[in-house]
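This report refers to the structure that appears directly beneath it.
The values are calculated or read from the model by the stated rules, or taken from the named source; none is laboratory data. Note that the structure is a prediction, hence the values are computed from the model and not measured. Here Cβ is always computed from backbone atoms with ideal geometry, including for glycine, and neighbour counts include all displayed protein chains. These accessible areas exclude ligands, DNA and RNA; they are computed on the full protein's heavy atoms, side chains included. Shrake-Rupley method; radii C 1.70, N 1.55, O 1.52, S 1.80 Å.
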Amino acid sequence: MKKILFYLSLIVIGSTFLFSCTELIEAEVFNRTFLLGKWHSGTEFYKYLEDGTGGTWDTADDVKEEEAQQFTWTLVNDELTHIHILELGGTGVPKIYTITELTSTILKYQDDFGVSHTFTKVQ
């Protein structure tokens, strides 16, 4: 019985050292205020408002800012979530992006498929 307790204690102590030595990867935290404003990539535009709402439009489709597809957004650490508001009411499926760079002039993120998107701030 003493041997079992001894070996069990060694396993617990060994696993504690093993897990304490592994480096946890933490999500990067981005400044929410940098996201506020109007962004564009080519003819595609996104506008993020302070109240967590926004809109997106594409001038190549002859859509103007006033006709933008409305969405709500949240930014937690490096995870940017858009939930589009449907025309007939209700909400769409959340779109989740991982921000890789966010400054006062550059926004870069990746979607779930690993596709990168780069936007610049409209002044």
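Expressed as a whole percentage, what fraction of the accessible surface of the range 50-123 belongs to carbon and sulfur atoms when a 1.4 Å probe is rolled over the protein heavy atoms?
Details: 2410 of 4610 Å².
Summing carbon and sulfur atoms, their accessible area is 52 percent of the total for the range 50-123.
Among PHE34, PHE119, the order of accessible area from largest down is PHE34, PHE119, computed with a 1.4 Å probe on protein heavy atoms. Taking amide H atoms as placed 1.01 Å from N in the peptide plane, the amide H of THR53 lies under 5 Å from those of TRP73, each 5 or more residues away in sequence or on another chain.
Would you please classify the overall shape of the range 61-100 from the alpha carbon gyration tensor, given that a ≥ b ≥ c denote the square roots of the eigenvalues, rounded means a/c under 1.5, and beyond that prolate means a/b larger than b/c while oblate covers the rest? Provide the component values of the computation, followed by the final result.
Numbers: a/c = 2.93, a/b = 1.61, b/c = 1.83.
Note, shape of the range 61-100 comes out oblate.
Each Lys and Arg Cβ is given +1 and each Asp and Glu Cβ -1; about its Cα centre, the range 43-88 then shows a dipole of about 120 debye. Taking the Cα atoms of the range 34-96, the ratio Rg/Rh between the radius of gyration and the Kirkwood radius comes to 0.96. Note on ILE83 and ASP62: the model spin-label points, each 7 Å out from Cα along the C-beta direction, lie 3.4 nm apart. Solvent-accessible surface of protein heavy atoms, probed at 1.4 angstrom with all chains present, puts LYS95, LYS108, LYS64 in the order LYS64, LYS95, LYS108, largest first.
As a test of reading the structure, rank ILE85, ILE106 by solvent-accessible area (1.4 Å probe, protein chains only), most first.
Numbers: ILE85 70, ILE106 40 Å².
Highest to lowest solvent-accessible surface, that is ILE85, ILE106.
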